[in-house]
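Taking it in order: structure first as structure tokens, then the write-up.
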């Protein structure tokens, strides 16, 4: 007879993660030179196809143009209206997701492999023959404006929107953000013009993941390999970072009971030799639920339900920030404690036990993020923008396993100087 109590008291055996074997994609090229990265993995005959264009907000002539161009491409083509596109995708159990970031724009198709022959003609129309119907564009813009007006009442949204402009400057592509008046100035022709320069004749990248039975490369070449490419890549340009002259900023939001706080600065991207080490330091500070900021601000002081820090990489820069929402009456005290935690990392060695815990968390989280073909494609996408490969993650594993507490202290001193950080508080009366 099995003693159930024994299993309740014995902790299961766990081995340390030594290496995460991430498969390198097979690389193909269509007849017109378009690169295709293929990750064959999984057991189901599902396929995910990502089309990635250099058409993010970094390149737009004015706010919202990149977003609405990408969003409205599926609202009508030369051969199909928006209803026909939606019904066709639904009939075949497919899903088309569109997304725009600061640096690029993506169209992602999820479907069964057996339906690719029926779906690719529709996808080809969406990508290369959109007509941006005026009524559809107008409806989408109006709905988006209503949601934007709702979001403007949320301190978390305001802080997230405004903070990049504080550290990059309002004129920098990473610092610009949309205001309600910008929604009134999105004519169909503006979207068409941006499409012509950033999609129609520009190079792009395809990532396939899943376990298709058929040959997806042949099918993609049939529809997308004949497309004429006139520009190898959208023109890249640099912009000067012009942050605010003052370090501390307050934006009043009437009637709010909480304040949203962001503290941080512009920083390098993942191609910098210190980026991966700084990720470890960031995790210690605020990058997971057991971080120092969580223990202090949430568990010890009870000032918030959540607080964290993040290291964000862009193609032309990056951003480190700490973010939280706090009661107005404790916002000042919480900010003082945040700076104390930053300073502790810069003056004292991290204990071996804490560092080991963080290392195990990072490696376990990386392993979890590589679970399945679609997750692997996201990891691949995250490095291709920087001309890196999946070896980036093996280097990350090496650094995580080998980083010493001396290196943690040195990286914190180099890149987490409070005197270089900017502070934004969005809220109401902080004295109450």
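The values are calculated or read from the model by the stated rules, or taken from the named source; none is laboratory data. Not measured: the values here are computed from a predicted model. Cβ coordinates were reconstructed from backbone atoms using ideal geometry, including for glycine residues, and neighbour counts include every protein chain displayed.
Against the criterion of being surrounded by 16 or more Cβ atoms within 10 Å (Cβ to Cβ), touching a strand residue (DSSP E or B) at 6+ places or on another chain (Cβ under 9 Å) and either on the phi < 0 side of the Ramachandran plot or not in a helix (DSSP H, G or I) (or both), residue 337 does not qualify. The set of residues in the stretch 348-385 that are touching a residue at least 12 places away in the same chain (Cβ under 8 Å), more than 27 Å from the chain's Cα centre (by Cα) and assigned to a helix (DSSP H, G or I) comprises 352, 354.
For the stretch 307-325, filtering for residues that are more than 20 Å from residue 416 (Cα to Cα) and modelled with pLDDT of 95 or more leaves 1. Residues in the stretch 48-73 that are more than 20 Å from the chain's Cα centre (by Cα), crowded, with 17+ Cβ neighbours inside 10 Å and modelled with pLDDT under 95: there are none. The set of residues from the stretch 10-47 being touching a helix residue (DSSP H, G or I) at 6+ places or on another chain (Cβ under 7 Å), under 19 Å from residue 380 (Cβ atoms), assigned to a loop (DSSP other than H, G, I, E, B) and at pLDDT 85 or above comprises 25, 30, 34, 41.
Tell me yes or no: at least one residue of the stretch 339-352 is touching a helix residue (DSSP H, G or I) at 6+ places or on another chain (Cβ under 8 Å) and farther than 18 Å from residue 408 by Cα. No: zero hits.
What do you reckon, is residue 318 surrounded by fewer than 19 Cβ atoms within 10 Å (Cβ to Cβ) and outside any helix (DSSP H, G or I)? So residue 318 fails the test. Here residue 387 meets the list (1) on the phi > 0 side of the Ramachandran plot; (2) in contact with a helix residue (DSSP H, G or I) (Cβ under 6 Å, 6 or more places away or on another chain) almost entirely, failing just condition (2). Checking the structure you have, find out if any residue of the stretch 83-90 is touching a helix residue (DSSP H, G or I) at 6+ places or on another chain (Cβ under 9 Å), in a loop (DSSP other than H, G, I, E, B) and modelled with pLDDT of 95 or more. No: the stretch 83-90 contains no residue that is touching a helix residue (DSSP H, G or I) at 6+ places or on another chain (Cβ under 9 Å), in a loop (DSSP other than H, G, I, E, B) and modelled with pLDDT of 95 or more.
For the stretch 260-267, check the following and say yes or no: at least one residue is assigned by TED's automatic domain parsing to the domain that holds residue 382, in contact with a helix residue (DSSP H, G or I) (Cβ under 7 Å, 6 or more places away or on another chain), assigned to a helix (DSSP H, G or I) and under 26 Å from residue 426 (Cβ atoms). Within the stretch 260-267 (the criterion being assigned by TED's automatic domain parsing to the domain that holds residue 382, in contact with a helix residue (DSSP H, G or I) (Cβ under 7 Å, 6 or more places away or on another chain), assigned to a helix (DSSP H, G or I) and under 26 Å from residue 426 (Cβ atoms)), the answer is no, since none of the residues qualifies. Does residue 107 count as modelled with pLDDT of 95 or more, in contact with a helix residue (DSSP H, G or I) (Cβ under 7 Å, 6 or more places away or on another chain) and not in a helix (DSSP H, G or I)? Yes, satisfied.
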